[in-house]
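See structure below.
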Amino acid sequence: MTEEKIITWLPACNTHDVPVNGGVCVKYHDQQIALFHFSRRGEWYATQNECPHRKQMALSRGMIGSQEGEPKVACPFHKKTFSLVDGHCINDEDECSLTTYPVKVENDMVYIGFTEENGRDTEGILA
């Protein structure tokens, strides 16, 4: 028997608020979420904004690209690269991984999904 996760979808921003092939930081209570529009792939991704390498809030300003078909983000300070799909560190297996969040787009509004695993409090609105 598999356990079904309940996702609470919170509005993050309008699609035009995120740069093409770039990212923005979305603050939700005490969390910072990096939201990426990978337009070359027609995809959206969200991860924690903190780079686990040096604990800096910088990933939303990182460069996105692909490595062997896998979408990734590189920290703008240290160039550590992380999968946008599952958060694992691509260029150093011993590094920490990122928390990732589901994303959906409806009527030009971008939503980030929170579960009990990836979000502490799902009350309120992202701003």
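The values are calculated or read from the model by the stated rules, or taken from the named source; none is laboratory data. Because the structure is predicted, anything quoted here is derived from the model rather than measured. Heads up, the Cβs are rebuilt from the backbone with ideal geometry, glycines too, and the neighbour counts pull from every protein chain shown.
Assorted remarks:
- The residue that is modelled with the highest pLDDT, counting only those in region 76-101 that are among the aromatic types (F, W, Y) and under 14 Å from R61 (Cα atoms), is F82.
- Residue check, I6 loosely packed, with under 13 Cβ neighbours inside 10 Å, of a type in the set (A, V, I, L, M, F, W, C), in contact (Cβ under 8 Å) with a residue 12 or more places away in the chain and over 22 Å from D108 (Cα atoms): yes
- Output for region 72-106, where each listed residue is in a loop (DSSP other than H, G, I, E, B) and within 28 Å of T8 (Cβ to Cβ): L84, V85, D86, G87, H88, C96, S97, L98, T99, P102
- Qualifying residues in region 1-10 (those that are of a type in the set (A, V, I, L, M, F, W, C) and outside any strand (DSSP E or B)) - the one nearest to L98 (Cα to Cα): I7
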